[in-house]
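The values are calculated or read from the model by the stated rules, or taken from the named source; none is laboratory data. Note that the coordinates shown come from a computational prediction; the quantities given were computed from them, not determined experimentally. Ideal geometry is used to build each Cβ from the backbone, glycine not excepted, and the neighbour counts take in all protein chains shown.
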Amino acid sequence: MRFPWTGSSTSPTCGRRFASWAGGEAVSGAPQPVGLEERYTLEEGRVYLTGVQALVRLPLDQVRRDRRAGLRTGVFISGYPGSPLSGYDLALQRARRLLEAYGVVHRPAPNEESAATALMGTQMLDEHPHSQFDGVVGFWYGKGPGVDRSGDALKHGNFAGTSRYGAVVVLAGEDHEGKSSTMPFQDDYAFAAHGIPVLYPSSVAEFLELGLHAVALSRFSGCWVALKLVAALCDGGQIVEVSTDRPSIVLPEVEVDGRPFRKRADFRFFPGTNVETERHLYRERHEAVRAYARANGLDRVVVNPPRARLGLVTAGKSYADLRQALEDLGVDGDALYRAGVRLLKLGLIYPLDPEVVRGFARDLEEVVVVEEKRGFVEAQVKEALCGLPVRVVGKTDESGRPLFPVSGGLDPDLIAEVLAPRLRPYLGEDVGARRLAELASVRARQYEPTRSRTPNYCSGCPHNTSTVLLPGQVAWGSPGCHSFASLIEQPHRHVVAMTQYGGEGLPWVGLAPFVDRPHVVQNVGDGSLFHSSYPNIRFCAAAGVNITFKVLYNGYIANTGAQRPVGQLGIPELTRMLEADGVRRIAVVTRDPRRYRGAKLARIARVYPRHAHQQALRDLVSAGGTTVYFYDETCANERRRQQKRGKLPPRTRWVWIHPEVCEGCGDCGQASNCMSLQRVDTEFGPKTQVHLSSCNQDELCLQGDCPSFVTLEAPNGFARPKPPEVGPEEIPEPPARVRLDGPYRIYMPGVGGTGVITVNAILAFAAWMDGLEALTYDQTGAAQKWGAVLSSLVVGPPGRALWANRVGAGQADLYLALDLIGAAAPGNLDRCDPQRTVAVVNTTVLPTGEMIRDPSATVSPEVLEQAVARYTRAADSVYVEGRRLAEALFGDYLATNLFVLGVAYQAGTVPLKASSIEAAIRMNGVQVEQNLQAFRYGRLWVHDPQRVRELVDPPRRGYEEERAWWLRRLCGPQAWEYARLLDRASQLDEESRRLLAVRVGELVDYQDARYAAEYVDFVLRVADRERQVVGRTGPLTHAVARSLFKLMAYKDEYEVARLYLREEFWQDLRRTFPGYRRVRFHLHPPLLRAVGVRRKVAVGAWALGLFRLLRALRRLRGTPLDPFGYLRVRREERELVRWYRGLVERALQALRPDTYVQVVELAAAPEAIRGYEDVKRRHAARAVERAEESLARLLSTVHPEPAAVRS
């Protein structure tokens, strides 16, 4: 694509009267397929690039350009990762071989200041022998905090200048909306303070073109040049046209004070001489910068009517947003031209060229400056127009009222709402009326509150243990994965304050002398430690304050992509250094203390096993002074990646949960905070299962107070299903498919770590193969695993201008909802319109962190689906249990999104070819066959849903099947008694009979037929009363059948043994883990607690003999000979049965048609009683209290009648 500033023009106002309004030239034919590496090597044609990939290509384009010019140029890249450039160094490393072939040297730095100073060294080339290189082009990368931190180094580097053929480009990532930063950032003012010119790209394509201009400008002027790279573009992507002759560089002849300009470099920084360097920078170099910008058309009047009254000035992303806003308002270039409205697009935002601004503003009455954040450009425009009769507004209007906000960012919707009233005097009172009405309608919506999705630690993350506090302790955080603790509501994991990266611990030096609190804990990631935080420990020790630094030593900077910290030292070396720096005591907590045998630790250091992490904290607090706690465990996700790549031995030990022993209490989730402990609905209520395809096997869940956990050795891992392969020829094309007449917008709310971004990239590559235009955006922020991810794709016909890469309010054509919780979020529903948007929704709920930690924190899929249906085209939308079906088919949750994409394609809502989507999947090169099959099975689900259901949905056993199964299982008299009890229930509804068929059999096996008869008697009496009142049996009988069984079949030692001996459990193990061995049961029975054993014990297969003995003795239960019956928890469990029967009897006295629902809810009260031992007692106390309160309210509203329930 051609953009307004490309070409060799020297005049900002030349060319067509509204240059490039069409957004580019049409491209004939689809491109030839290329490999992923060719996005960097293709010199002519079209490629799809993300913002980060464009920055990888940029130095390669520069080397190619220099080689054609006969220059031997080296490239040096250094910086520190941080969003929105967090993946830049990883992308460089993945392209390492290609970069090396081009002479590109990438040296990640320990921090941003070190990188900037190293880059200054690249420009000293002319002062040293350099036979192999004529010059070095340097690239610094970092985000807003890094720009601030590196201020002195950047200022010195720019002050000194560049070598003859050298250049330095500062790649400055800006997070305007604070999505992944401790605060929003705007770097313009910092660069102006350093005298560094700033170029501001408006698209990913301009990353390349303005990037090449930045190199040429730096080489020409001697200034370091910054590229302002905002998150919306760094995290975006675009199909870009590349060419060897773009941009065409013009080097102007510049005279300053009558003398030709010559740049010079001076690295002496000596007092006195530095004043002359300052003059040279601001008087000569900046004049050369402006001259270069004029000669190369970096500032371009895009719409230039001869007689104009209103002018619009903008730059960068705001330019794209403004163009989109105007398009949404129905205003094109011709309309602006006829109305006398000029549009100036700035490429160089500092130093602003006064000549360009004054030429643009001739005869204007008003200039409106559209820019994000504070009025950086606006102030320069006002300075350039000082004394001229033109009004300039931007951040405020002519009356001083706020116009464009200084906080957050801008989007086309906000610009349209602000700008439309100012356009009416020129374009008519009805300008944009339709769009403004649409926006007003969206703004007026009143959404029902729903549960939100917040990021959480990954499954098996070391932070699940390392951030745990002692009761009453206060912890502080800092940027990094561990900062998610600020969102975790559990007091023992929560952090109450944060510092900047590198500020850890220092606030306590200032606060400690003035407060009563004796001690705080400061969490420090190892990335921060090696970046800049180590001296903080030394300062605290010197100040003598009581603080414990928790160094979360994971080996990687996980929050920015799992980079190794530069200059990383081992823990033994660190302990010796810290001892020398005055630290009082050190604890090293590790999962495997054997690794430290023979290690040369400091004398003040002690090694603790993981289960003793709290004792380690207590020891450090008692030592006083400045102490350090190392938690040594590798990042779980990185360990998993290395195992997949064969760099670490594969996992052989697995955790499994017995589904019937599990009570679904959630204690394992509270203990481990592990996202792989997920709820599953079963015949006997909600239970917890290990989500094998995401589990990282840290085994912290074993700490849950529950006997349902087993571990086993499975060298071959777990078995994944292999469905029959589906060929593309088996699925016809959709009967109707959306037409691509203009921009088509797809909005995808999803979950971090599930492949949402991959789906977006696949679609973008497919659009490229189809010869279309495309823009993408992936908002990840602090998502990590399990946080919210939002992806957008805008597709257009060949040659169609596409401006904003984010979907505006009510503008989604396809709502591809990969996460149901995210789909119902208000900010996402704002993208939908009931007349425009078709939704394709994955309805299987992936739990949030809060749902893992609190089993009562549930969501209703039906309520969420209703919220989506309200604001989309309900009749055309598709709802599918995507994750459930994908996991049943492939045993891998990562197949979900491509399965749902297949559903969307076959529903006719994706304007791309299936063959192109499949080609893009192959090009991606990751799990190709599974991903192809997932996409095809999604299509098949729409075309032939029954064929898919037959593979994943086993038929549910009804009453007759359950009865037959139990008659085969029970022996002799037990089977006869079982059948007799069921025959008594023949008048009940089908579901009640099925419930009894299951539960009566269980109770006969649990105790005996007499015990089961007590259960049947009570259920039948309740059923009689329900039939009397409402004329049928149904929900009330169902609730009592479930709840009474739950309380009567309490899981004591006999019952746990019985359940572990069931053949179904062992069949499930063999089916899930073929070839498993060495099963171990993790138990903590009350008798062991009574003798002081505080932790579970792991017992092997010999426990099966004990289980057989216990099962044989189960009929002692409740008798004077029951050795366990005297325990407090067992007495309370028996009392709960009596309490519940009395509760139901009292509730039935108030049963009326109008109180039916309340009585059913009361009958279901035991569903909240879950767990073992103390966990169960706490749940039971709460459930009893709530039920009694509800019963009292019920009885107070009705006149009770006697109920013939007692026998």
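The table below lists the values:
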{"quantity": "Odd one out for residue 914 among (1) in contact with a Pro (Cβ under 9 Å, 6 or more places away or on another chain); (2) under 30 Å from residue 329 (Cβ atoms); (3) surrounded by fewer than 22 Cβ atoms within 10 Å (Cβ to Cβ)", "calculated": "(2)"}
{"quantity": "Selection status of residue 418, assigned to a helix (DSSP H, G or I), within 42 Å of the chain's Cα centre (by Cα) and not charged (D, E, K, R)", "calculated": "yes"}
{"quantity": "Residue satisfying condition, being surrounded by 24 or more Cβ atoms within 10 Å (Cβ to Cβ) and in contact with a His (Cβ under 8 Å, 6 or more places away or on another chain), within set 225, 230", "calculated": "230"}
{"quantity": "Residues within the stretch 434-449 that are part of a helix (DSSP H, G or I), exposed (fewer than 14 other Cβ atoms within 10 Å of the Cβ) and of a type in the set (A, V, I, L, M, F, W, C), tallied", "calculated": "2"}
{"quantity": "Those strands (runs of 3 or more DSSP E) lying entirely in the stretch 512-595 with at least 1 residues in contact with a Phe, Trp or Tyr (Cβ under 9 Å, 6 or more places away or on another chain), modelled with pLDDT under 95 and under 20 Å from residue 466 (Cβ atoms)", "calculated": "520-525, 547-553"}
{"quantity": "Pairs, first in a helix (DSSP H, G or I) in the stretch 41-63, second among the small types (Gly, Ala, Ser), C-beta under 6 Å, six or more apart", "calculated": "51/236; 52/87; 52/91; 56/91; 56/95; 58/211"}
{"quantity": "Some residue of the stretch 916-928 being in a helix (DSSP H, G or I), of a type in the set (S, T, N, Q) and not assigned by TED's automatic domain parsing to the domain that holds residue 843", "calculated": "no"}
{"quantity": "Subset of the stretch 291-316 (residues that are more than 18 Å from residue 227 (Cβ to Cβ) and in a helix (DSSP H, G or I))", "calculated": "291, 294, 295"}
{"quantity": "Matching residues in the stretch 64-82 - criterion: being outside any strand (DSSP E or B) and in contact with an Asp or Glu (Cβ under 6 Å, 6 or more places away or on another chain)", "calculated": "71, 72, 80, 81"}
{"quantity": "Subset of the stretch 596-623 (residues that are over 30 Å from residue 699 (Cα atoms) and at pLDDT below 95)", "calculated": "none"}
{"quantity": "Residue tally, condition part of a strand (DSSP E or B) and among the β-branched types (Val, Ile, Thr), over the stretch 605-624", "calculated": "1"}
{"quantity": "Qualifying residues in the stretch 562-618 (those that are at positive phi and touching a residue at least 60 places away in the same chain (Cβ under 8 Å)) - the one surrounded by the most Cβ atoms within 10 Å (Cβ to Cβ)", "calculated": "562"}
{"quantity": "Condition broken by residue 494, with the remaining ones in (1) part of a loop (DSSP other than H, G, I, E, B); (2) surrounded by 18 or more Cβ atoms within 10 Å (Cβ to Cβ) satisfied", "calculated": "(2)"}
{"quantity": "Complete set of residues in the stretch 1046-1066 that are within 23 Å of residue 1177 (Cα to Cα) and not small (Gly, Ala, Ser)", "calculated": "1046, 1047, 1048, 1050, 1051, 1052, 1053, 1054, 1055, 1056, 1058, 1059"}
{"quantity": "Yes/no for residue 304 being surrounded by 21 or more Cβ atoms within 10 Å (Cβ to Cβ), in contact with a Lys or Arg (Cβ under 7 Å, 6 or more places away or on another chain), among the polar types (S, T, N, Q) and over 13 Å from residue 222 (Cβ atoms)", "calculated": "yes"}
{"quantity": "Of all residues in the stretch 366-396 being among the charged types (D, E, K, R) and more than 38 Å from the chain's Cα centre (by Cα), the one that is farthest from residue 309 (Cα to Cα)", "calculated": "383"}
{"quantity": "Pick from the stretch 161-177, criterion farther than 17 Å from residue 371 by Cα and of a type outside the set (A, V, I, L, M), ranking: farthest from the chain's Cα centre (by Cα)", "calculated": "164"}
{"quantity": "Of the criteria (1) crowded, with 23+ Cβ neighbours inside 10 Å; (2) more than 24 Å from residue 787 (Cβ to Cβ), which one residue 896 fails", "calculated": "(2)"}
{"quantity": "Count of the stretch 112-129 residues which are buried (at least 22 other Cβ atoms within 10 Å of the Cβ) and part of a loop (DSSP other than H, G, I, E, B)", "calculated": "1"}
{"quantity": "Scope the stretch 1016-1073; condition in contact with a Lys or Arg (Cβ under 9 Å, 6 or more places away or on another chain), surrounded by fewer than 16 Cβ atoms within 10 Å (Cβ to Cβ) and of a type in the set (S, T, N, Q); matching residues", "calculated": "none"}
{"quantity": "Subset tally (residues that are in a loop (DSSP other than H, G, I, E, B) and either under 17 Å from residue 1182 (Cα atoms) or free of Cβ contacts under 8 Å to residues at least 24 places away in the same chain (or both)) for the stretch 1133-1160", "calculated": "1"}
{"quantity": "Those residues of the stretch 801-838 which are out of contact with any Leu (no Cβ under 6 Å at 6 or more places or on another chain), polar (S, T, N, Q), within 24 Å of residue 321 (Cα to Cα) and assigned to a loop (DSSP other than H, G, I, E, B), in sequence order", "calculated": "811, 837"}
{"quantity": "Which numbered condition residue 777 fails, given (1) out of contact with any Phe, Trp or Tyr (no Cβ under 7 Å at 6 or more places or on another chain); (2) assigned to a helix (DSSP H, G or I); (3) within 22 Å of residue 234 (Cβ to Cβ); (4) modelled with pLDDT of 95 or more", "calculated": "(2)"}
{"quantity": "Flag if residue 387 is closer than 19 Å to residue 357 by Cβ and either out of contact with any strand residue (DSSP E or B) (no Cβ under 9 Å at 6 or more places or on another chain) or surrounded by fewer than 18 Cβ atoms within 10 Å (Cβ to Cβ) (or both)", "calculated": "yes"}
{"quantity": "Boolean, residue 474 is touching a residue at least 12 places away in the same chain (Cβ under 8 Å), among the hydrophobic types (A, V, I, L, M, F, W, C) and surrounded by fewer than 17 Cβ atoms within 10 Å (Cβ to Cβ)", "calculated": "yes"}
{"quantity": "Extreme residue, nearest to the chain's Cα centre (by Cα), among residues of the stretch 951-994 that are outside any helix (DSSP H, G or I), charged (D, E, K, R) and farther than 16 Å from residue 1042 by Cα", "calculated": "953"}
{"quantity": "Test set (1) out of contact with any His (no Cβ under 8 Å at 6 or more places or on another chain); (2) surrounded by fewer than 12 Cβ atoms within 10 Å (Cβ to Cβ); (3) touching a residue at least 12 places away in the same chain (Cβ under 8 Å) - residue 1130 fails condition number", "calculated": "(2)"}
{"quantity": "Matching residues in the stretch 855-893 - criterion: being farther than 14 Å from residue 817 by Cα, surrounded by 20 or more Cβ atoms within 10 Å (Cβ to Cβ) and not charged (D, E, K, R)", "calculated": "855, 885, 886, 889, 890, 893"}
{"quantity": "Residues of the stretch 491-527 that turn out to be under 30 Å from residue 850 (Cα atoms) and of a type in the set (Asp, Glu), as a count", "calculated": "2"}
